[in-house]
Ligand code: ADP
Ligand code: MG
């Protein structure tokens with residue numbers, strides 16, 4: 001089925017449901033809508049960004065209680081309290097995120113559990129919040145002078161908000177900041193090399209998820225017109241996580257699917273099981289748990305991928321042109337691009353890079369060679385900022401970069417590839433390459449969510465296509481990156497590095513895994529880059545590959561510089577023959 005037709009059918013069903021469905025199901029659909037909003041946040045945070053939060057129910061509670069207290073006790077308008085609730089959530093989410101997310105590991109899940117439990121008891125203990133009995137008499141929301149008092153009326157309001165949120169998050173995921181969020185699971189080394197700050201990007205995802213939960217809570221309070229702490233406890237927090245996982249993160253619709261499935265399943269089990277096995281005990285919770293375990297056993301990525309097989313997405317149309325992104329003028333000939341003096345890196349007692357000195361001039365192609373374990377990749381990582389040097393000095397275009405972060409160095413004009421390929425496997429090839437152009441775009445989360453980024457996007461994707469054509473992989477633009485053979489994935493990494501418009505291109509064993517003809521193509525690509533004014537530092541293992549290609553060679557052995565000079569001189573150097581070729 002065509003996805004547009006399917007979307008129209010879904011929206012149509014949502015539109016007529018309250019007119020034909022029994023009241024009980026309208027109530028249920030209202031809840032599914034509210035849960036979908038929370039699950040949508042978790043699809044983004046957990047499914048896409050790989051961060052787990054057990055505390056979403058507490059953000060729902062924050063939204064509900066803020067409006068409950070402020071409307072009933074201070075007579076504020078619900079629209080005003082919505083702004084206040086979102087502002088509080090923004091502050092709390094930002095603080096929790098910035099403190100825990102840069103620490104990585106289990107800090108976020110633990111912090112969200114602590115946050116969930118403490119807010120729950122806070123709501124229950126504070127006198128003016130009505131304790132565990134809660135707050136009644138919350139006013140209805142007035143929309144364009146129309147009071148939304150009936151469930152069937154509020155239904156349309158909820159589902160309008162849900163569809164709008166789905167649209168915004170889908171837009172976001174398909175944009176410059178969205179690609180950064182989707183790349184987070186690849187680890188921080190890769191994203192930092194393209195100027196993306198992983199801690200900040202995760203915090204953005206966490207704050208968006210918290211805001212969606214808060215919005216759901218605000219809606220809940222004005223639907224129920226009554227709140228107590230029960231629906232905002234840690235149990236509900238876990239259930240929200242189930243919804244996101246059951247639905248799956250391949251598309252934002254996973255949130256709606258997960259919310260609907262979990263809600264309907266629980267309701268039916270609660271109805272059915274007492275009839276089957278008697279009234280004693282809460283069997284539905286056990287059966288529910290078993291069903292979920294089974295489901296996750298057979299559908300790791302949730303249920304949506306199964307359904308999506310029936311709705312094959314047509315390949316996305318790429319903008320044929322687009323404004324050109326800003327472009328650096330390459331440095332003039334004879335300028336020192338890279339100047340490394342006595343760079344040193346130790347890992348405990350091991351000296352991986354031992355006071356290595358060499359330089360690379362503009363428009364030069366320099367090969368860094370040496371046997372396995374010689375320290376080439378480590379040397380590389382010192383230059384790109386992926387590792388911090390233990391000593392010495394490294395200058396890039398005259399700027400001292402020894403203690404700069406990878407992101408700062410990327411901004412100065414350094415592009416790199418990785419020895420162990422780091423592409424986002426589930427993203428298409430062209431999206432991966434567009435990730436390289438991250439620093440050349442500027443549109444942020446809000447502009448992207450509202451689709452105010454079309455010119456920026458067109459330029460980024462057009463640039464990515466240009467780079468793919470340059471490396472000869474244009475026909476694979478729409479393939480998932482992990483469907484390509486490893487050799488081609490290395491070339492995609494080169495295109496991604498080129499999309500950053502670097503002055504200096506660092507390539508770590510780009511020819512590994514390539515066939516002979518592919519190596520020839522790669523060599524001619526590097527030669528043509530040089531003609532266009534690119535400076536290249538190339539780590540290579542394969543002596544034959546570099547001989548006809550580079551202007552100069554630097555040889556490392558056991559972390560030390562063994563030899564340096566023109567390829568033929570280096571090749572003839574007896575020390576090199578013994579250490580490298582003899583081996
Ligand atoms: P090459 O790229 O020349 O094959 P590397 O730079 O990867 O060599 O490694 C140089 C030496 O440093 C090796 O002995 C390797 O085991 C060691 N090494 C590299 N990275 C680390 C690390 N993160 N921790 C400890 N030792 C490391
Ligand atoms: Mg290496």
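What do you reckon, is residue 91 out of contact with any strand residue (DSSP E or B) (no Cβ under 9 Å at 6 or more places or on another chain), assigned to a helix (DSSP H, G or I) and surrounded by 16 or more Cβ atoms within 10 Å (Cβ to Cβ)? Steps first, please.
Working: out of contact with any strand residue (DSSP E or B) (no Cβ under 9 Å at 6 or more places or on another chain): yes; assigned to a helix (DSSP H, G or I): yes; surrounded by 16 or more Cβ atoms within 10 Å (Cβ to Cβ): no.
Spelling it out, it is not the case that residue 91 is out of contact with any strand residue (DSSP E or B) (no Cβ under 9 Å at 6 or more places or on another chain), assigned to a helix (DSSP H, G or I) and surrounded by 16 or more Cβ atoms within 10 Å (Cβ to Cβ).
Residue-wise test of (1) at pLDDT 90 or above; (2) out of contact with any strand residue (DSSP E or B) (no Cβ under 6 Å at 6 or more places or on another chain); (3) not assigned by TED's automatic domain parsing to the domain that holds residue 396.
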position: 321; (1), (2), (3): no, yes, yes
position: 331; (1), (2), (3): no, yes, yes
position: 342; (1), (2), (3): yes, no, no
position: 346; (1), (2), (3): yes, yes, no
position: 358; (1), (2), (3): yes, no, no
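Among the residues in region 265-282, are any in contact (Cβ under 8 Å) with a residue 60 or more places away in the chain, surrounded by fewer than 24 Cβ atoms within 10 Å (Cβ to Cβ) and farther than 16 Å from residue 52 by Cβ? Give the steps one after another, and end with the answer.
Start the filter on region 265-282 by keeping residues that are in contact (Cβ under 8 Å) with a residue 60 or more places away in the chain, which leaves 267.
With the extra rule that they be surrounded by fewer than 24 Cβ atoms within 10 Å (Cβ to Cβ), the set shrinks to 267.
Checking the rest, the ones that are also farther than 16 Å from residue 52 by Cβ come to 267.
Yes, the conditions are met somewhere in region 265-282.
Give the residue, chosen from 370, 391, 375, that is outside the structural domain of residue 252 (by TED's automatic domain parsing), in contact with a strand residue (DSSP E or B) (Cβ under 6 Å, 6 or more places away or on another chain), away from ligand 2 (no atom under 16 Å from the Cβ) and at pLDDT below 95. Spell out the reasoning first.
Working: 370 fails: away from ligand 2 (no atom under 16 Å from the Cβ); 375 fails: away from ligand 2 (no atom under 16 Å from the Cβ).
Sole residue among the options that is outside the structural domain of residue 252 (by TED's automatic domain parsing), in contact with a strand residue (DSSP E or B) (Cβ under 6 Å, 6 or more places away or on another chain), away from ligand 2 (no atom under 16 Å from the Cβ) and at pLDDT below 95: 391.
Please work out which one of (1) crowded, with 21+ Cβ neighbours inside 10 Å; (2) under 34 Å from the mean Cα position of the chain (by Cα); (3) within 16 Å of ligand 1 (Cβ to nearest atom) is the condition residue 390 fails and give its number.
(1) is the only condition that residue 390 fails.
Between 461, 468, 435, which is crowded, with 18+ Cβ neighbours inside 10 Å, free of Cβ contacts under 8 Å to residues at least 40 places away in the same chain and in a helix (DSSP H, G or I)?
Working: 461 fails: free of Cβ contacts under 8 Å to residues at least 40 places away in the same chain; 435 fails: free of Cβ contacts under 8 Å to residues at least 40 places away in the same chain.
Unique residue meeting the criteria: 468.
Within the set of pairs 6+ apart or on separate chains, which have a first residue in region 504-517 that is at negative phi and in the same structural domain as residue 361 (by TED's automatic domain parsing), a second that is at pLDDT below 85 and within 16 Å of ligand 1 (Cβ to nearest atom), and C-beta atoms under 9 Å apart?
So the pair list comes out as 511/541; 511/542; 512/541; 512/542.
From the set of residues in region 482-518 that are within 15 Å of ligand 2 (Cβ to nearest atom) and assigned to a helix (DSSP H, G or I), which is modelled with the lowest pLDDT?
First pass over region 482-518, keeping only residues within 15 Å of ligand 2 (Cβ to nearest atom): 490, 493, 506-513.
Still in the list and also assigned to a helix (DSSP H, G or I): 490, 493.
Details: 490: 93, 493: 96.
Out of the qualifying residues, it is 490.
All but one of (1) more than 30 Å from residue 164 (Cα to Cα); (2) more than 16 Å from the chain's Cα centre (by Cα); (3) modelled with pLDDT of 95 or more hold for residue 403, so report the exception by its number.
(3)
What pairs come up if the first residue lies in region 370-382 and is more than 17 Å from residue 542 (Cα to Cα), the second is near ligand 1 (Cβ under 6 Å from one of its atoms) and not in a loop (DSSP other than H, G, I, E, B), and their beta carbons are under 8 Å apart, counting only those six or more places apart or on different chains?
Every condition considered, the pairs that remain are 378/352.
Restricting attention to region 344-362, does a residue exist that is within 21 Å of the chain's Cα centre (by Cα) and away from ligand 2 (no atom under 16 Å from the Cβ)?
Going residue by residue through region 344-362, those that are within 21 Å of the chain's Cα centre (by Cα) are none.
Checking region 344-362: not a single residue is within 21 Å of the chain's Cα centre (by Cα) and away from ligand 2 (no atom under 16 Å from the Cβ).
Please go through region 135-194 and pick out each residue that is surrounded by fewer than 20 Cβ atoms within 10 Å (Cβ to Cβ), in a loop (DSSP other than H, G, I, E, B) and out of contact with any strand residue (DSSP E or B) (no Cβ under 7 Å at 6 or more places or on another chain).
Answer for region 135-194, where residues must be surrounded by fewer than 20 Cβ atoms within 10 Å (Cβ to Cβ), in a loop (DSSP other than H, G, I, E, B) and out of contact with any strand residue (DSSP E or B) (no Cβ under 7 Å at 6 or more places or on another chain): 137, 139, 144, 145, 149, 150, 174, 187.
All but one of (1) under 33 Å from the mean Cα position of the chain (by Cα); (2) in a helix (DSSP H, G or I); (3) in contact (Cβ under 8 Å) with a residue 12 or more places away in the chain hold for residue 53; state the number of the condition that does not hold.
Condition (2) is where residue 53 drops out.
Which one of the conditions (1) outside any loop (DSSP other than H, G, I, E, B); (2) touching a strand residue (DSSP E or B) at 6+ places or on another chain (Cβ under 9 Å); (3) at pLDDT 90 or above does residue 571 fail to meet, given that it meets all the rest?
(3)
The values are calculated or read from the model by the stated rules, or taken from the named source; none is laboratory data. Worth saying up front: this structure is predicted, and the values here are computed from it rather than measured. Note that we place each Cβ from the backbone using ideal geometry, even for glycine, and neighbour counts take in every protein chain shown.
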